[in-house]
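> I'd like to ask you about the structure that follows.
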Amino acid sequence: MKRFIQHFIVIVILCCMASCNGGEVYYKFKPIPNHQWVRGQEIIFLLDSASISSNVNYNVSIEITHNIGYQYKNLFLLFDYTQDSTVVHDTVQCLLVDNHGRWIGNGNGATRQLSVPYKANFRIDTALHNKISIRHAMQRQNLKGIEKIGLKIY
């Protein structure tokens with residue numbers, strides 16, 4: 001009976017560990033110093049080609065952690081990355097507040113986290129040095145209230 005309980009506990013732990021991974025091949029956050037994102041400050045993600053396959057199409061989402069001190073309903077982001085040996089520049093608008101003034105995303109208290117779908121069927125060339133750079137494109141020089149920016153590839 002004792003052996004059965006030990007095996008059962010090991011199986012439960014392994015199942016819990018497997019269920020925590022939602023199929024992500026890359027999932028990282030970068031903190032924003034002092035929760036003030038200075039205009040022009042790049043958040044850089046270097047993709048590890050060991051976990052990424054070049055013959056698979058991936059989905060990419062932007063992960064935003066902010067506090068309720070953020071003063072705007074949206075966040076415009078500028079992306080720079082290389083795809084098919086071409087440098088791509090992209091702009092994305094992320095809505096953080098709905099039309100009724102409620103924060104979008106998850107969280108209680110002062111901190112919220114939001115996952116914004118960015119690209120579907122995104123192919124990554126593992127032969128290249130894959131770097132994704134993100135900057136904010138808001139008019140304010142110092143953007144207060146953004147705590148972390150993340151990138152999820154799944």
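The values are calculated or read from the model by the stated rules, or taken from the named source; none is laboratory data. Keep in mind the model is a prediction, meaning the values are calculated, not measured. Here the Cβ is made from the backbone with ideal geometry for all residues, glycine too, and neighbour counts use every protein chain on show.
> Any residue at all in region 72-89 that is outside any loop (DSSP other than H, G, I, E, B), within 21 Å of residue 142 (Cβ to Cβ) and basic (Lys, Arg)?
The answer is no; no qualifying residue exists.
> If you don't mind, another one. What are the residues in region 57-90 that are exposed (fewer than 11 other Cβ atoms within 10 Å of the Cβ) and under 19 Å from residue 124 (Cα atoms), if any?
If the condition is that a residue be exposed (fewer than 11 other Cβ atoms within 10 Å of the Cβ) and under 19 Å from residue 124 (Cα atoms), then 84, 85, 86, 87, 89 are the ones that fit.
> Let me ask something else about it. Take the residues in region 19-40 that are farther than 19 Å from residue 113 by Cα and either surrounded by 14 or more Cβ atoms within 10 Å (Cβ to Cβ) or among the polar types (S, T, N, Q) (or both), then tell me which one is modelled with the lowest pLDDT.
19
> From the set of residues in region 91-129 that are farther than 18 Å from residue 147 by Cα, touching a residue at least 24 places away in the same chain (Cβ under 8 Å) and charged (D, E, K, R), which is surrounded by the most Cβ atoms within 10 Å (Cβ to Cβ)?
Going through the qualifying residues, I end up with 119.
> What residue, of 124, 134, 68, is out of contact with any Pro (no Cβ under 8 Å at 6 or more places or on another chain), of a type outside the set (Gly, Ala, Ser), within 18 Å of residue 45 (Cα to Cα) and at pLDDT below 95?
124
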